[in-house]
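What follows is a single structure, written as structure tokens, with notes after it.
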Amino acid sequence: MKLSPIQFIRDQLKRVPLVVYDDLSGKHVVVIGANACLGFEAAKHFARMNPATLIYACRNQGKGEAAPNI
């Protein structure tokens, strides 16, 4: 879908929805692909919500171990 210049500007001025935070105490979270990009950011977000267990899975063990600690 191609936007006109005015539609593009309107789209850039829209408010971004608030980030949802919830208490995940006692719950387990598994994030797949958490060594980079969206998976890594999702894992950081879930880590802030205090889950009982946070498991981040990666395709390559070496890359998973090389990822920064969350």
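Worth a mention:
- Residue count, region 33-46 (criterion: surrounded by fewer than 16 Cβ atoms within 10 Å (Cβ to Cβ) and closer than 20 Å to Val20 by Cα): 5
- Pair list, Cβ under 8 Å, 6 or more apart: region 20-43 residue on the phi < 0 side of the Ramachandran plot, other residue among the small types (Gly, Ala, Ser) and at pLDDT 95 or above: Leu24/Ala52; Ser25/Ala52; Lys27/Ala52; His28/Ala52
- Residues in region 1-32 that are surrounded by 10 or more Cβ atoms within 10 Å (Cβ to Cβ), at pLDDT below 90 and not aliphatic (A, V, I, L, M): 0 in all.
- Residues (within 24 Å of Glu65 (Cβ to Cβ) and assigned to a helix (DSSP H, G or I)) located in region 5-55: Cys37, Leu38, Gly39, Phe40, Glu41, Ala42, Ala43, Lys44, His45, Phe46, Ala47
The values are calculated or read from the model by the stated rules, or taken from the named source; none is laboratory data. Given the structure is predicted, the values throughout are model-derived calculations rather than measurements. Here the Cβ is made from the backbone with ideal geometry for all residues, glycine too, and neighbour counts use every protein chain on show.
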